[in-house]
Amino acid sequence: TVTVSESLDLSLPVRVLTVNGGEAEVYNLKIGQKYYWSVTADGKTSPTYTFTTADGYPRFLKVDGISNFRDLGGFTTADGRRVRQGLAFRSAHLDAVTAAGKETAKVELGIKTDLDVRGGGSAPLGAGVKHVSIGMQWYSHIFTEKNYETTRQTIAAFADPANYPMNFHCAVGRDRTGTTAFLILGLLGVDEETLIHEYYSPFFSSTGSCPKDEFVLHVANIDGLMNGLNRFAKRTAP
């Protein structure tokens, strides 16, 4: 039995693995985090060892049946702080989630809220997870009078502590989800260059990728969002 914890005394372990052999695979650990671990076999427990995960983002996670699953945390803000990990996750749709994926989402990650920014939809994670449906728009479409309310509702969902940990998603986890992530991380103080890098991360996933000739459209989309934010800032400045 391999026990992995963020605490030296191995209390509140993040993983307890039963291993038959000389190796153990551990997924979904936080980035830039020191972990402690020990092995128990035949009634004996090893000394406690340590390792530290790489301090690089984005933090992709393995949740069976869900593509493009990532932690919104881990990013460094312009003033040197770090967005907390393990609170907000983003992904593609949950429709194909397996029983193992549900176990990871609900037990390992502790997800309490499924925020579907497509509007409508079902609740694939089942009992114990609150399903919130909001028809969030994407890119420059958020800058119209009729869409201000859905943008406000989406941000308000992040402002409610009772919703955490939460996962938010659209269909492929790129456009509506990407717009939402851009706004939330921007409000938390993540710099513009990092926001743009984060926007492009979904293109490395199976659902978020696109043909090469379509990529120019997505460049225009993120430019439209940035230009709209800049215009909105000037319009609302005192």
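The values are calculated or read from the model by the stated rules, or taken from the named source; none is laboratory data. In this text, all values refer to a predicted model and were calculated from it rather than measured experimentally. Here the Cβ positions follow ideal geometry from the backbone for every residue, glycine too, while neighbour counts run over all protein chains shown. The area values use the complete protein model at the heavy-atom level, side chains included, leaving out ligands, DNA and RNA. Shrake-Rupley method; radii C 1.70, N 1.55, O 1.52, S 1.80 Å.
Brief remarks on what is shown
- Each peptide among 192-205, 101-114 gets the average number of other Cβ atoms lying within 10 Å of its residues, and from highest to lowest they stand as 101-114, 192-205.
- Taking N as its residue count, the alpha carbon Rg of region 54-189 over 2.2 N^0.38 Å: 1.00
- Of all lysines in the structure, those lying under 25 Å Cα to Cα from K130, and not within fewer than 8 positions of it along the same chain, are K30, K62, K102, K106, K112.
- Mean Cβ neighbour count within 10 Å, used as a protection proxy, ranking 78-84, 57-63 highest first: 57-63, 78-84
- More than 28 angstrom apart: percent of Cα pairs within the chain: 37
- For the chain: accessible area per residue (Å², 1.4 Å): 52
- Overall Cα dimensions of region 1-70, principal axis frame, Å, largest first: 41, 24, 21
- DSSP beta bridge pairing in the chain, given as percent antiparallel to the nearest 5: 60
- Solvent-accessible area, 1.4 Å probe, carbon plus sulfur percent, for region 122-178: 58
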